[in-house]
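Below is one structure, written out as structure tokens, with a few remarks after it.
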Amino acid sequence: MARIIVITSGKGGVGKTTSSASFSTGLAMRGHKTAVIDFDVGLRNLDLIMGCERRVVYDLINVVSGEANLNQALIKDKHCENLFILPASQTRDKDALTEEGVERVLNDLIQMGFEYIICDSPAGIEHGAIMALTFADEAIVVTNPEVSSVRDSDRILGIIQAKSRRAQNGGEPVKEHLLITRYSPKRVEAGEMLSHQDVQEILRIPLIGIIPESEAVLHASNQGNPAIHITGSDVALAYEDVVARFLGDDVPLRFTDYEKPGLLKRLFGAK
């Protein structure tokens, strides 16, 4: 049975689209037919991170409005056989997204045999964000370990619990997961950043993963390459762990503890 997963946050710039790209890629790498949809109408960053911006001809709004069909708009990923991208529009208004149109697109994707449909939500609670979460079966709430980001994520959890179709119909609640990005154990140790335990204590939803702070993410994004493809990096391993946990594997948390450098490392300039 197909699952619709929204990846959302209360605050912009927390790594939501980066996570959408790597999470959907990771599912496809595990053999699951996956579609990832960019709901950030007007900005459209997902296709840049996925490296397919030059191949965009039709977008989500074209499909919603009936100007194109899904087969015309879906872009097959360069690296993963099972992954397809549905980009957002840069030129249309967010109000062009209608609940009926979004529902039709999602139902058509399900009919096409997609196992997972990832909705990359814009930040906050504007129209595009509400459209992205309305039909969700599960939600991955992305937050940085700092107070304003966590507070805004708490607001998003309230919106999911009140405005999703499942909430409106009195059905089973949307299953919620917490993803903490840009985590630095060294800064946590120094008291400059909330610990993952602090974030969980505030939000009270299950932790699906911790993505370490890394400059490699920016380099990968600039090259149109999802971070999960940075072979051997901590970031790629962390996203692989997230996908494994989502699929039910028992994977211990990594990248949470700060190991102080020994005397030799300190003497020779360890960071």
Quiz item: Somewhere in the stretch 172-183, is a residue crowded, with 21+ Cβ neighbours inside 10 Å, touching a Gly at 6+ places or on another chain (Cβ under 7 Å), of a type outside the set (Lys, Arg) and not in a strand (DSSP E or B)?
Solution: no
Exercise. Those residues that are part of a helix (DSSP H, G or I) and buried (at least 19 other Cβ atoms within 10 Å of the Cβ), I need them from the stretch 204-228; list them, please.
Key: Val217, Ala220, Ser221, Ala227, Ile228
Exercise. Report yes if Glu67 is out of contact with any helix residue (DSSP H, G or I) (no Cβ under 6 Å at 6 or more places or on another chain) and either assigned to a helix (DSSP H, G or I) or under 18 Å from Ser20 (Cα atoms) (or both), otherwise no.
Key: no
Quiz item: Within the stretch 113-123, can one find any residue that is open to solvent by 30 Å² or more (accessible area, probe 1.4 Å), over 13 Å from Val64 (Cα atoms) and more than 20 Å from the chain's Cα centre (by Cα)?
Solution: yes
Quiz item: Being in a loop (DSSP other than H, G, I, E, B), closer than 22 Å to Leu60 by Cα and in contact (Cβ under 8 Å) with a residue 60 or more places away in the chain, is that true of even one residue in the stretch 137-160?
Solution: yes
Quiz item: What pairs come up if the first residue lies in the stretch 185-203 and is in contact (Cβ under 8 Å) with a residue 60 or more places away in the chain, the second is open to solvent by 90 Å² or more (accessible area, probe 1.4 Å), and their beta carbons are under 6 Å apart, counting only those six or more places apart or on different chains?
Solution: Pro185/Asp257
Exercise. Return the only residue of Arg187, Arg165, Arg204 being at positive phi and either within 17 Å of the chain's Cα centre (by Cα) or not aliphatic (A, V, I, L, M) (or both).
Key: Arg204
Practice problem: Scan the stretch 29-50 and give yes if some residue there is assigned to a loop (DSSP other than H, G, I, E, B), of a type in the set (Phe, Trp, Tyr) and under 14 Å from the mean Cα position of the chain (by Cα), otherwise no. | Solution: yes
Quiz prompt | Output for the stretch 75-93, where each listed residue is open to solvent by 40 Å² or more (accessible area, probe 1.4 Å) and at pLDDT below 90 | solution = Gln90, Thr91, Arg92, Asp93
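The values are calculated or read from the model by the stated rules, or taken from the named source; none is laboratory data. Because the structure is a prediction, the values reported are computed rather than measured. Because the Cβ atoms are built from the backbone with ideal geometry, glycine has one as well, and the counts that use them run over all protein chains shown. Just the protein is used for accessible areas: all its heavy atoms, side chains included, with ligands, DNA and RNA removed. Shrake-Rupley method; radii C 1.70, N 1.55, O 1.52, S 1.80 Å.
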